[in-house]
């Protein structure tokens, strides 16, 4: 059986690789004939035949030694009893007359006359014509290759947009969730394309462009395709980077070709993904402008200005960097509308879950409300990936349906990465346990922080452990919450210093994040003694040299240090007060490696939450 499978695989591979077109079959046959001829010629035995005068042949015939004479043109092959010799006669001479005149009778000798005049004629013709044919074929091949290369050069200017026609399976607004406000904005675009008459009667024109802005994974491309699906119009999709090539002017040529093709198919939608790749502000930054990119951008501006009021063509562009776009591109008359997409709220996440859960078996006890609350900060792409990872995990464990444990593990994997079995010493595990317990206890003591969801010393990604909170929806962040977040981030370092009187490298990422939050509070949010002033936000945007003086930079550093020092001291004081709970929690982590929220509150007690700054904070269930 095994040999049979191997043979079948070999035959399958052979069939795939062999091209059986008639041209290739002719070529293969010609090469086989030539190879066979050369093989036979090389392997044929070379018989040594001596040449004798014709007079000796006549003498041998008289003596009766010759059995057979083969005559081919002027060559005579003479077979005697013990040898074979050859002789040559004069051209045009008659063999029978020669032997008769010499008195030699050929009655007892077998004479074979072979006429190869025609074959020789063909050989002569082929030897004359074949070099000419080969030369013509060679030059034809060269010119054909050159023409193909020339066509490829000119095809650089053609648009590479992917066309989703009316016959392509359509995506509808019902397939998109979590962006209800954006769908409402685009519903009007659909109505413009389907019923242009009622808007023309009111003197309104079709919006030329729609700019969709939002973080990665929020569904910009999906929503653009859904708009085309609802309007039932052709959809031309192209990424901003696809306009650029190594040849000058190619980008502008592709823009012209794309718009001309779309105008012929109108009503239609042109979708340009990652428009910031070609729409960046011209002449900004330390590197200056990019001539090819700016030429492509100029052509887009010209094409969008050239829309007639009667043309039913809408350009939809997507980006997650609207701050770098050229003002000429986003002015009214080009991209008339800006549609904002944000991370979905709990209602949106629940709707997204219902869409991506189609076709997957789930246990009846799956609490979708809890899953939606568990995935704060997840985009639509993250949720789709989470459900796919849950399905893979359930299949790996040979389950018949996906349950809550699979969804929990998948959500953690999407956020932090897969589990890693790293070899750690007992001392390393103990340090990690106290580090994570420090995060959890500081968060538990802080009144404005979210409840602890899970504590684990199982390695994931680049971290040796993690402490996850059960996040709640917040539109605004207060200074109090930000300072408490810094204290929680530094809780791990404070626990290490308290228990071991030592500092480890495990807190490096926590310190970097805490410093970044503190610096953002000072330079962007104005939450420091320096006052409500933005100090270097514009410099980050365009990589320009900082306009902050050295004295002000020193004050910024001083304010950042003051915030982080106060937060660290607060975390350290909390852990000193809760030292017994810290030891208890660390010992449980060393035993079980992972502690869920219910067990955490059973060990430590319910979280004390307060009402502050107008925000009603509900205490977590123990």
### Message
When the expected Rg is taken as 2.2 N^0.38 Å, what fraction or multiple of it is the alpha-carbon Rg of region 294-435?
### Response
1.61
### Task
Report the dimensions of region 419-604 along its three principal axes from the alpha-carbon atoms, largest first, rounded to Å.
54, 33, 29
### Query
How do 199, 434, 568 line up, fewest other C-beta atoms within 10 Å first?
199, 568, 434
### Query
Tell me, in nm to one decimal, what length is gained between residue 172 and residue 576 on full extension, where the rule is 0.36 nm per residue of separation less the Cα-Cα distance?
139.7 nm
### Net length gained if the chain between residue 602 and residue 473 were fully extended (0.36 nm per residue, minus Cα distance)
43.9 nm
### At 0.692 mPa s and 37 °C, Stokes D of region 346-416 from Kirkwood alpha-carbon radius, µm² per second
277 µm²/s
### Spin-label pair residue 256/residue 569, simplified geometry with 7 Å Cα→Cβ offset, distance in nm
7.0 nm
## Note on the structure
The simple spin-label model distance between residue 587 and residue 347, using points 7 Å out along Cα→Cβ, in nm, is 4.9 nm
### Query
In a Debye calculation with equal point scatterers on the alpha-carbon sites of region 437-490 and no solvent, what is log10 I(q)/I(0) at q = 0.12, 0.17, 0.23, 0.26 Å⁻¹?
-0.28, -0.55, -0.91, -1.07
#### Entry: Residues 192, 236, sorted so that the one with the fewest Cβ neighbours within 10 Å comes first
192, 236
### Message
Assuming 0.36 nm per residue, please report the length gained on full extension of the stretch residue 133 to residue 520 beyond their Cα-Cα distance.
### Response
131.5 nm
### Message
How far apart, in nanometres, would the label points at residue 509 and residue 95 be if each is projected 7 angstrom from Cα along the Cα-to-Cβ direction?
### Response
9.8 nm
### Task
When a/c is below 1.5 the answer is rounded, else prolate if a/b is larger than b/c, else oblate, so apply that to region 404-504 with a ≥ b ≥ c taken from the square roots of the Cα gyration tensor eigenvalues.
oblate
### Task
Quick one: order 135, 431, 340, 527 by neighbouring beta-carbon count within 10 Å, fewest to most.
135, 340, 527, 431
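Only the coordinates and a few stated rules stand behind these numbers; no lab work does. Remember, predicted model here, so these are calculated numbers, not experimental data. Using ideal geometry, Cβ is built from the backbone for each residue, glycine included, and neighbour counts are taken over all protein chains shown.
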